[in-house]
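Only the coordinates and a few stated rules stand behind these numbers; no lab work does. What you see is a predicted model, and the numbers here were worked out from it, not measured in a lab. Backbone-built Cβ (ideal geometry, glycine too); neighbour counts: all protein chains shown.
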Amino acid sequence: NNMKVSDYLVSKDGYTGCLTIYDSILNDVEILANNSNCEDGINIVKSEGNISKIFIKNSISDALDVDFSNLTIENFKAEDAINDCIDFSGGSYNLKNLFLKNCTDKALSAENSKIRAENLKIFNSYYGVVSKDFSFIELAKVHFNKVEICIDAYNKKQEFAGAFISIKNFNINDCKLNSELAKSSKIEVN
């Protein structure tokens, strides 16, 4: 077999997820994934509803990628992602009980999204929570351990402006915030 890792990342139909959920209504769904070798372990696109549990382990790139959706996720656990543990682009998300461990890049990344998240535990990741390009993230009850940069907010694409993060119940001594914020971005710690 002469296939390289990159040959697996996108299907012949252009889907980036080992499992792609597209244009669906989700009701109390549970998803388990292990050893995914796609660009996204799970990719959810243009969907709405609620997910009671997601557990993703050993992803070759992003564990979960969600685009243009409106979802509530009750329990999410991701371990050992070579890129981001969760990546949101566009949409609105309500998240509770997240456990994100060994995310090589970002534990939680959002672009042009609105997110409310409560009870996050992030371990051994380079970035904790990153808000980009018009994202608005509200966090409560967050615990970081062995995270290089806990929180960052910035503008990545020139067609967008900055981003915002509000965080409550957080020990600022756990790790560092990006102190060189762009003028259009804001981080508020209570």
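Annotations for the structure displayed:
- Summed side-chain charge close to Asp23 - residues other than Asp23 whose Cβ falls under 12 Å, Lys, Arg +1, Asp, Glu -1: -1
- Taking other residues whose beta carbon is less than 14 angstrom from the beta carbon of Gly49, and scoring Lys, Arg as +1 and Asp, Glu as -1, yields -3.
- Prolate/oblate/rounded call for the stretch 46-114, Cα gyration tensor, a/c under 1.5 rounded: oblate
- Residue pairs, from the table Lys46/Lys141; Lys46/Lys168; Lys77/Lys186; Lys57/Lys96; Lys106/Lys141, whose Cα atoms sit over 26 Å apart: Lys46/Lys141; Lys46/Lys168; Lys77/Lys186
- Zero-based 5 Å bins, Cα pair distances in the stretch 12-67, whole percents: 5, 21, 31, 25, 15, 4, 0
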